[in-house]
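Read-outs throughout are calculated quantities, based only on the coordinates presented, and are distinct from any laboratory measurement. Everything quoted here is computed from the prediction, not taken from an experiment. Using ideal geometry, Cβ is built from the backbone for each residue, glycine included, and neighbour counts are taken over all protein chains shown.
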Amino acid sequence: MEYLAIILITLISGVVGTGLGGLVGAVLRRDSNKIVSLLLSFAAGIMLAVVCFDLMSEPVEMMRAGQLPSYTPIVVVAAVIVGYGVVYLLNFLIDRSTNKEVKHIDSNHPSTADDLDELIHADHFETHKKSQSNLFVAGLIMMIAIALHNLPEGMVIGASYAIEENLTANLFSGSGFIMAIVIGLHNIPEGMAVSVPLISGGMGKAKAVSLTALSGLPTVFGALLGFALGGINDIMLVLSLGFASGAMLYVVFGELLPESILMWKSKLPALSLFLGVLTGFLLVMF
Ligand SMILES: [Zn+2]
């Protein structure tokens, strides 16, 4: 029953959220860099606040209540580093394996792993300058990148739900639910970033929207993993929360923030991030 609830919530947050973005992209055929930039940095701020003020501090509260040993903060930091490192490594491997195709997209552009994100976005947002097949490949790469990054996002939802003593009573409150909503909403601009290049690259609208929605599916697997691991015992909950927090911090610092700043080089994405952190703080503390 608990697993069914988590599957349902993450299907809405992950698949429906990303698919909805794909649909918006299919209807509009273009997206506004500035609005997407502000939305992504605002969502990043909320995620950052939930990770720092709630997920990472939860084990410390358990320690103060006498449930966990006094070295718990060290365990949290270690798990966060492992989570960050694993997602970093996965991204590095994906970047390397898609690098060959990227070279075909734009031979003038540097195609090192570090420049991949910039390249995808340059392609995505300067659609008129690029040929159809290049856009198509950029859309596919974007789809893989989003699908991968949805896995840790799902883990955060699952691990947050694992904190709850009585899940069915707290299904629509607490960090798990806040995370499901924030992640669901920020999936909309992410879905647009997948479907717009696919459709501009010549893919049929229905197929592009379906593929975009499918890239949200790893959210469900991640959530089930985070919830199952966190439910084993207190130490596993700490490790699962720490790992998911670290993975989420990579998504925030390594993907959402650089993307939003590349889309709009101004001080406003930073302001939006700041407001997101404060909003996240209020969401967690009430
Ligand atoms: Zn995301």
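Among 142, 236, 155, sorting on how many other beta-carbon atoms sit within 10 Å of each Cβ, with the fewest leading, yields 236, 142, 155.
The Cα-based radius of gyration and maximum Cα-Cα distance (Dmax) for region 148-207 are 15.6, 49 Å. The charge dipole of the chain, taken about its Cα centre with unit charges on the Cβ of Lys, Arg, Asp and Glu (plus for the first two, minus for the last two), comes to roughly 800 debye.
Going by how many other beta carbons lie within 10 Å of each one, how would you line up 71, 250, 3, 161, fewest first?
Lowest to highest Cβ neighbour count: 71, 3, 250, 161.
Remark: the chain is approximated by an ellipsoid whose semi-axes, taken from the C-alpha gyration tensor as √(5λ), come to 33, 19, 17 Å, largest first.
Take the chain, connect every pair of alpha-carbon atoms lying under 10 Å apart with a spring to form a Gaussian network, then pick out the residue of 195, 41, 32 with the largest mean-square fluctuation. Looking only at 195, 41, 32, the largest GNM fluctuation is found for 32. For region 190-279, trypsin sites (Lys or Arg not before Pro) meeting the loop criterion (DSSP other than H, G, I, E, B) and having at most 13 other Cβ atoms within 10 Å: 265, 267.
Grab the DSSP H runs of the chain that are 4 residues or longer, score each as -39,500 (n - 2.57), total them, divide by all residues and round the 222 nm result to the nearest 500 deg cm²/dmol. List each step's numbers first, then the result.
Values: 13 runs with 213 residues, N = 286.
The per-residue figure over the chain is -25000 deg cm²/dmol.
Here the relative contact order of the chain, from alpha carbon pairs under 8 Å that lie six or more residues apart, stands at 44 percent. Fully extending the segment from residue 70 to residue 165 would add 32.0 nm, taking 0.36 nm per residue of separation and subtracting the current Cα-Cα distance. Here the calculated FRET efficiency for residue 97 and residue 285, from their Cβ-Cβ distance with R0 = 30 Å, stands at 0.10, rounded to the nearest 0.05.
Pairs of alpha carbons in region 172-286 separated by more than 22 Å make up 48% of all such pairs.
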